[in-house]
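The values are calculated or read from the model by the stated rules, or taken from the named source; none is laboratory data. Every value quoted in this text rests on a predicted model; they were computed, and no experiment measured them. Every residue, glycine among them, receives a Cβ derived from its backbone with ideal geometry; neighbour counts consider all protein chains shown.
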Amino acid sequence: MRVALIALLCAIGAGTGALFIGSDFMPALDEGALLLQTVLPQEASLDQVDRLNHRVEDVLRDFPEVDDVVRRTGRSERTEDPMPHTMSDILVVLKPRRARSIDELEDAMRERLASVPGVTVLFTTPLGMRIDEGLGGTPADVSVKIFGPDLDELARLAERARVLMHDVDGIEDLRAEQSTGLPQIQIAVDRSATSRVGLSPGDVIEAVRVGLVGQQESDVWIGQRRFDLVVRLQDDRRRDIQAIRSLLIDGHDGTRIPLGQLAEISEVFGPGAIRREAGMRRIAVEASVAGRDLGSTARDVRDALNARLSLPGGYFLDVGGRIESQARASKALSTAIATALVAVFVLMYIALGSAVEAALILLTVPIAFIGGIVALLIARETWNVSSLVGLIGLFGIAVQNGLVLVTQTRGFLARGHAFRDAVREASLGRVRPKLMTAATAILGLMPFLVLRLHGTEIERPLAVVMVGGLVTSTLFTLIALPAAYAQVEEWRVRWRKRSPA
């Protein structure tokens, strides 16, 4: 009884410690390269974007760990993933042997790049960016999306959210999408003026389209090369608002009327892009997470925004990014674990013919998780897909060991042994095979813990959980489970004696 109580107290303590372990989607990958996404204001010209990104590249090349730097600015609108010219992807190839880790390099680069004015930088990795964009639509760890009808109000709310997120511990590379600030020429047709000269608003818009955008009239062939012959205003007149006002429109009676008499022409600052999601306008505030786990950081972001960001009617927000992928993965794994528990219970009930013994094995399995939880705390790892898969593997081993113990105990009972003697024989008789099995599994997982090679980041949390869990699972099978089994059997005997015949 005392052994079972001690094991139960240890399990409760480990379960409490599990609440202090952070959560992430996937372990941080060391791909031997970094991918930096730089963002400049929407009104920046291509020459300005190129000049400032050259400064960023010069800063990155000063690091001795950097082998090469390659940049791509913008992406064609005809692709599946268009990108404006103000956004650039900078691939930083690192040397195989480095004195600093990826996290230390990111911190140092982030500090140095803060001196480049007007440039916002988001740190990720090439593969990590593709995974995050494919699953969450953005490479950012945390993306706060605010939905609503008015662009100016969305911009105000995004700036307020950015200020609130800045105070959250672990938030880095904070940036808010720009919805306004791009200079535009706005032409509003005066319907009464056009009707007086016998024109329709469409006639005026068509003339403006030909003058500013252009219209293809023919093809010009020079050798084997073909060029479009486009009619439009000269470039200097297309940029001059006074020249646009003086653009002559042909009337139906043969007269020519300046555009300024048929429409109101003004220079305004309008949205550079209108982003929509689920049929609604939205704006996003994106950030990276550094020096802290993703789950607790996203939780603090939600708490800060819910407590201090007042949203008008018709507006709402959603916290997405990599945290969405983590939530989906956790939900899928929780469903898989619950389904596995039910299936294992049914199968053990069919094999043993006793619901009490099947339930005993399942209820005592969490004691085997003590080592895995303690190992995560010591290694400072987080709950992620890899560590949860390791926990599932540990669950299978613990169930198998418990099932073997019960089966062997029944075998000794069939030979005429007393119950306590049967449990003792079943436990001690399998000490060497169980120790050899656990030692073999631990030795097979040790390279993931000791060697720091590319790709081992994915398996390391799994190995940490498995190695720590195998130690306590073996002790649990040899000590705690027999004690619990004997105690339950004693209660069953007492219950049979008290029950009427």
Filter segment 319-355 for residues that are more than 18 Å from residue 391 (Cβ to Cβ) and loosely packed, with under 13 Cβ neighbours inside 10 Å; the one that is modelled with the highest pLDDT is 346
Taking helices (runs of 4 or more DSSP H) that do not extend beyond segment 349-416, which have at least 3 residues that are under 20 Å from residue 492 (Cα atoms)?
355-364, 385-414
Can you tell me which residue within segment 262-280, out of those that are crowded, with 17+ Cβ neighbours inside 10 Å and touching a helix residue (DSSP H, G or I) at 6+ places or on another chain (Cβ under 8 Å), is farthest from residue 240 (Cα to Cα)?
271
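Residues to consider are 147, 227; find the one that is surrounded by 15 or more Cβ atoms within 10 Å (Cβ to Cβ) and modelled with pLDDT of 85 or more.
Numbers: 227 fails: surrounded by 15 or more Cβ atoms within 10 Å (Cβ to Cβ).
The unique qualifying residue is 147.
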Within segment 431-445, can you find the residues that are crowded, with 17+ Cβ neighbours inside 10 Å and of a type in the set (D, E, K, R)?
434
Of the numbered conditions (1) closer than 30 Å to residue 404 by Cα; (2) of a type outside the set (Phe, Trp, Tyr); (3) under 23 Å from the mean Cα position of the chain (by Cα), residue 354 satisfies every one except a single condition; which is it?
(3)
Within segment 194-217, of all residues that are assigned to a loop (DSSP other than H, G, I, E, B) and touching a residue at least 60 places away in the same chain (Cβ under 8 Å), the one farthest from residue 37 (Cα to Cα) is 197
Return the pairs, sorted by first residue and then second, in which the second residue is of a type in the set (Phe, Trp, Tyr), the first residue lies in segment 304-329 and is closer than 17 Å to residue 293 by Cβ, the beta carbons are less than 8 Å apart, and the residues are 6+ apart or on different chains.
322/25; 323/25; 325/25; 326/25; 329/25
Is one or more of the residues making up segment 91-113 surrounded by 17 or more Cβ atoms within 10 Å (Cβ to Cβ), at pLDDT 85 or above and among the β-branched types (Val, Ile, Thr)?
yes
Could you list, in sequence order, all residues of segment 78-119 that are aliphatic (A, V, I, L, M), more than 24 Å from residue 30 (Cβ to Cβ) and in contact (Cβ under 8 Å) with a residue 12 or more places away in the chain?
87, 116, 119
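For segment 37-57, state whether one or more residues are surrounded by 13 or more Cβ atoms within 10 Å (Cβ to Cβ), modelled with pLDDT of 85 or more and touching a Phe, Trp or Tyr at 6+ places or on another chain (Cβ under 9 Å).
Step one: filter segment 37-57 for residues surrounded by 13 or more Cβ atoms within 10 Å (Cβ to Cβ), giving 37-44, 48-50, 52-53, 55-57.
Now narrow it down to the ones that are modelled with pLDDT of 85 or more: 37-40, 48-50, 52-53, 55-57.
Right, trim to touching a Phe, Trp or Tyr at 6+ places or on another chain (Cβ under 9 Å) and you get 37.
Within segment 37-57, one or more residues are surrounded by 13 or more Cβ atoms within 10 Å (Cβ to Cβ), modelled with pLDDT of 85 or more and touching a Phe, Trp or Tyr at 6+ places or on another chain (Cβ under 9 Å).
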Among the residues of segment 206-214, is any modelled with pLDDT of 85 or more and more than 47 Å from the chain's Cα centre (by Cα)?
yes
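One line per residue, one yes/no per condition, for (1) within 30 Å of residue 282 (Cα to Cα); (2) surrounded by 13 or more Cβ atoms within 10 Å (Cβ to Cβ); (3) touching a residue at least 24 places away in the same chain (Cβ under 8 Å):
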| site | (1), (2), (3) |
| --- | --- |
| 157 | yes, yes, yes |
| 163 | yes, yes, no |
| 192 | no, no, no |
| 219 | no, no, no |
| 236 | no, no, no |
For segment 446-458, does any single residue satisfy the condition of being at pLDDT 80 or above, in contact with a Lys or Arg (Cβ under 8 Å, 6 or more places away or on another chain) and surrounded by 20 or more Cβ atoms within 10 Å (Cβ to Cβ)?
yes
Restricting attention to segment 200-231, the residues that are touching a strand residue (DSSP E or B) at 6+ places or on another chain (Cβ under 7 Å) and over 20 Å from residue 268 (Cα atoms) number exactly 17
Could you please let me know if residue 385 is surrounded by 15 or more Cβ atoms within 10 Å (Cβ to Cβ) and either within 20 Å of residue 464 (Cα to Cα) or in the same structural domain as residue 480 (by TED's automatic domain parsing) (or both)?
yes
